[in-house]
Amino acid sequence: MRLTFGHRMKQHKGMRPQDIVILLKIAAIGDTSWYVKDLAAQLGISQSEVSESLHRSMLAGFVAEDKRSIMRQALMEFLEHGLVYVYPQQPGSVARGMPTAHSAPPLKGLIRSDDHYVWAWAQGKERGQRIEPLHPSVPSACSRDSRLHELLSLADVLRVGRAREKQLALTELRKRIA
């Protein structure tokens, strides 16, 4: 017999790409306190979706039960070993947009490449092969937060980069997250 107390526990139905965006935003914020409504406004994601994302991340072990503190080691393990398999990306057609992956800081000055990658975005000033962001609001959110831009660009290196680029990205992510 199953006991219920007026509500059901939400089942975890898998992570969604915006969950990574939200986790990296929390990492970008650092030790500064924040509210769900502020994350939602800064990311262009609804408050309810941010709340649901935090719940999924808590069930997956990426945030503590308080849904405030990132479990940094677990997040780094997922970024290193899982991101490319769960959210793979192939560079697409040339578009105007915001630089990402090794075309953006912090790797822009460290890697020489003829390949330039961007998130397609009407306000973008650079041209490159299109990389689909983890959430449609990413370019806009990153235009207001350079730390988030760096973290999401490094994550994109893990999605599309070569072995050397990925190692550099992991080193930079560890400096910023771990």
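Roughly how tilted is helix 163-177, in degrees to the nearest 10 and between 0 and 90, from the longest Cα axis of the chain?
50 degrees
In straight Cα distance, which lysines are under 16 Å from K25, not counting same-chain residues fewer than 8 positions off?
Result set, ordered by chain and number: K37, K67, K175.
To the nearest 20 debye, what is the magnitude of the charge dipole of segment 22-118 about its Cα centre, counting +1 on the Cβ of each Lys and Arg and -1 on the Cβ of each Asp and Glu?
Value, rounded to 20: 220 debye.
Grab the DSSP H runs of the chain that are 4 residues or longer, score each as -39,500 (n - 2.57), total them, divide by all residues and round the 222 nm result to the nearest 500 deg cm²/dmol.
Mean residue ellipticity, 222 nm, calculated: -14500 deg cm²/dmol.
Taking only the alpha-carbon atoms of segment 97-178, what semi-axes of the equivalent ellipsoid follow from 5 times the gyration tensor eigenvalues under a square root, in whole Å, largest first?
19, 15, 10
When N counts the residues of segment 17-85, how does its alpha-carbon radius of gyration compare numerically with 2.2 N^0.38 Å, as a ratio?
It is 1.03.
Taking chymotrypsin sites (Phe, Trp or Tyr not before Pro) as candidate sites, keep only those in a DSSP loop with at most 15 other Cβ atoms within 10 Å, then name the longest stretch of the chain containing none of them.
36-178
Expressed as a whole number of Å, what is the distance separating the alpha-carbon centroids of segment 93-107 and segment 113-178?
Going from one Cα centre to the other spans 6 Å.
For the chain, what is the Kirkwood estimate of the hydrodynamic radius, computed as the reciprocal of the mean inverse distance between distinct Cα atoms, to one decimal in Å?
By the Kirkwood definition, the hydrodynamic radius is 16.8 Å.
Would you tally the net charge around Y87, using a Cβ to Cβ cut-off of less than 14 Å, leaving Y87 out, and scoring K and R as +1, D and E as -1?
-2
Can you give the angle from 0 to 90° between the axis of helix 17-29 and the longest principal axis of the chain, with both taken from C-alpha atoms, to the nearest 10?
80 degrees
Any idea what the relative contact order of segment 82-178 is, in percent, if you count C-alpha pairs under 8 Å spaced at least 6 apart?
Value for segment 82-178: 32 percent.
What is the magnitude of the charge dipole of the chain about its Cα centre, with +1 placed on the Cβ of each Lys and Arg, -1 on the Cβ of each Asp and Glu, and no other charges, expressed in debye to the nearest 20?
Computed about the Cα centre, the dipole is about 120 debye.
Hey, fewest Cβ within 10 Å first, where do K25, K37, K108 land in order?
Listing K25, K37, K108 from fewest to most nearby Cβ atoms yields K37, K108, K25.
State the dimensionless ratio Rg/Rh of segment 80-130 (Rg: radius of gyration of Cα atoms; Rh: Kirkwood radius).
1.00
Just name one of P99, A155, V86: the one whose Cα is farthest towards the positive end of the charge dipole of segment 46-177 (beta-carbon charges, Lys/Arg +1, Asp/Glu -1).
The Cα lying farthest towards the positive end belongs to P99.
Normalising by the residue count of the chain, find the relative contact order in percent from Cα pairs under 8 Å and 6+ residues apart.
In percent, rounded to a whole number, it is 23.
Which lysines have a Cα lying under 19 Å from the Cα of K125, excluding residues fewer than 8 positions away in the same chain?
Counting by Cα, and skipping residues close in sequence, K125 has these lysines nearby: K108.
I'd like the trypsin sites (Lys or Arg not before Pro) in segment 132-178 restricted to DSSP loop residues with at most 11 other Cβ atoms within 10 Å, sorted by number.
R144
No lab work stands behind these numbers, since they all come straight from the coordinates. Computed from a predicted structure; not experimentally measured. Quick reminder, even Gly has a Cβ in these numbers, built from the backbone with ideal geometry, and neighbours come from all protein chains shown.
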